[in-house]
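Have a look at the structure below, then the notes.
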Amino acid sequence: MPASAPYKILIAAQGEEQRWKEAMTARLPNATIYTQDENYDPAAIDFALLWKQPQGMMKSLANIRGIFSLGAGVEHVLSAPFLPKDVPIVRLEDAGMAQQMVEYHMYAALHFMRDFDHYMQAQNNGNWTPRDVAEIGDFRVGVMGLGALGATVATHLAAMGFAVSGWSRRMKAIEGVTTFAGAETLDEFLGQTDILICLLPRTGQTEGLLDSARLSKLPANAAIINASRGAMIVEEDLLRLLDTGHLRGAFLDVAAKEPLPSGHPFWNHPKIRLTPHIAAATRIGPAVDQIAENINRIDKGEAPVGLVDREIGY
Ligand code: NDP
Ligand code: OXD
């Protein structure tokens with residue numbers, strides 16, 4: 001089918017379906033687009049656009065040709081029951097999120113580098129005592145995950161003057177960034193990191209990766225920024241290391257359970273800054289362009305950009 005073909009597309013997007021439907025209709029005017037609440041013939045659906053879709057939705061999509069995540073993460077798709085084999089699963093790459101991640105991490109890194117965590121406590125205690133301003137180049141930032149988002153964050157923080165290193169599965173070359181690859185280099189990477197940034201995808205390998213043993217490898221007084229997934233960090237271990245003083249602070253956009261339950265110790269912890277999973281939102285314009293282009297590629301028998309490797313989980 002050519003790109004202008006009358007595809008049948010299904011959208012499930014946690015209440016955001018109408019917005020996506022309008023944008024996709026403008027981009028692919030010949031397609032028929034259904035939101036999950038409308039009447040549709042499941043067997044006629046060619047492509048599904050999903051963000052945390054209802055359980056069991058896949059079962060009836062007998063002739064599906066491509067599944068698109070409406071975010072960068074894909075664990076919500078990969079964990080779905082009845083996921084058809086041999087159908088490409090495609091994620092969004094950047095789609096406006098890299099710039100937002102840069103903004104978020106600049107702010108969070110400066111929070112620690114310029115002692116704003118200290119001054120927040122000082123204000124609460126009515127304490128007006130200036131400290132010497134640190135040299136930015138003396139702050140070693142380590143970015144876990146050098147993909148579409150992590151590599152961009154690493155590059156920008158290096159351009160600001162931080163001493164930046166990065167860690168990924170396969171070796172990367174990024175100008176201005178010292179790179180590490182593979183599980184065997186993780187301890188060395190952590191040992192030279194004052195501010196740890198986590199931008200890994202959630203997979204079987206990364207869940208619970210930052211436990212007490214790993215977080216203890218960070219130098220004393222290190223800080224952590226996590227805007228990937230809460231499941232990456234063992235929360236009780238993080239709390240213990242903050243309370244014993246090994247870690248200086250944590251800047252968290254994500255939690256193991258979201259929304260963060262009331263009464264959770266993160267809410268009022270003096271060393272934790274919290275934001276409600278807002279580090280980077282999908283921008284609908286570049287996202288629909290990517291999806292339409294990938295539909296075109298799948299139609300032509302080409303590999304889509306952002307194809308997920310089901311074996312490794314991202
Ligand atoms: P990518 O898939 O582009 O990059 C993932 C990176 O992680 C790659 O560098 C990859 O290594 C590395 N990686 C994966 N597994 C391992 C492992 N076992 N050991 C070492 N490195 C590993 O993802 P994105 O950059 O697009 O997104 C990252 C995550 O950010 C998303 O999965 C999502 O969870 C989160 N996110 C959060 C948002 C928020 O608002 N809080 C918004 C958007 C995304 P390699 O390069 O070798 O493949
Ligand atoms: C994503 C997210 O994965 O918003 O895109 O968390």
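Among the candidates H277, H264, H269, which residue alone is surrounded by 15 or more Cβ atoms within 10 Å (Cβ to Cβ), without any contact (Cβ under 8 Å) to a residue 60 or more places away in the chain and within 15 Å of ligand 1 (Cβ to nearest atom)?
H277
Of the conditions (1) among the aliphatic types (A, V, I, L, M); (2) within 16 Å of ligand 2 (Cβ to nearest atom); (3) within 17 Å of the chain's Cα centre (by Cα), I224 satisfies every one except a single condition; which number is it?
With respect to (1) among the aliphatic types (A, V, I, L, M); (2) within 16 Å of ligand 2 (Cβ to nearest atom); (3) within 17 Å of the chain's Cα centre (by Cα), I224 is out only on (2).
Give me a count of the residues in region 1-54 that are crowded, with 19+ Cβ neighbours inside 10 Å, assigned to a loop (DSSP other than H, G, I, E, B), modelled with pLDDT of 95 or more and not acidic (D, E).
Counting residues in region 1-54 that are crowded, with 19+ Cβ neighbours inside 10 Å, assigned to a loop (DSSP other than H, G, I, E, B), modelled with pLDDT of 95 or more and not acidic (D, E) gives 6.
Pairs, please: C-beta under 6 Å, at least 6 apart or cross-chain, first residue touching a residue at least 24 places away in the same chain (Cβ under 8 Å) and within 12 Å of ligand 1 (Cβ to nearest atom) and in region 68-88, second part of a loop (DSSP other than H, G, I, E, B) and among the small types (G, A, S)?
L70/A13
Give the residue, chosen from A98, A48, that is closer than 19 Å to T35 by Cα and of a type in the set (G, A, S).
Being closer than 19 Å to T35 by Cα and of a type in the set (G, A, S) holds for just one of A98, A48, which is A48.
Tell me which residues, restricted to region 222-247, are surrounded by fewer than 21 Cβ atoms within 10 Å (Cβ to Cβ) and either in contact with a His (Cβ under 6 Å, 6 or more places away or on another chain) or not aliphatic (A, V, I, L, M) (or both).
Those that are surrounded by fewer than 21 Cβ atoms within 10 Å (Cβ to Cβ) and either in contact with a His (Cβ under 6 Å, 6 or more places away or on another chain) or not aliphatic (A, V, I, L, M) (or both): G230, E235, E236, D237, R240, D243, T244, G245, H246.
Results for (1) basic (K, R); (2) within 16 Å of ligand 2 (Cβ to nearest atom); (3) closer than 30 Å to R114 by Cβ, shown as yes or no for each residue.
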| site | (1), (2), (3) |
| --- | --- |
| M232 | no, yes, yes |
| L238 | no, no, yes |
| L242 | no, no, yes |
| P270 | no, no, yes |
| G285 | no, yes, no |
| D299 | no, no, no |
| Y314 | no, yes, no |
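Being assigned to a helix (DSSP H, G or I), surrounded by fewer than 16 Cβ atoms within 10 Å (Cβ to Cβ) and away from ligand 2 (no atom under 16 Å from the Cβ) is the requirement here; does Y119 meet it?
no
The values are calculated or read from the model by the stated rules, or taken from the named source; none is laboratory data. Since the model is a prediction, treat every value here as computed from it, not as a measurement. Note: ideal-geometry Cβ built from the backbone for every residue, glycine included; neighbour counts use all protein chains shown.
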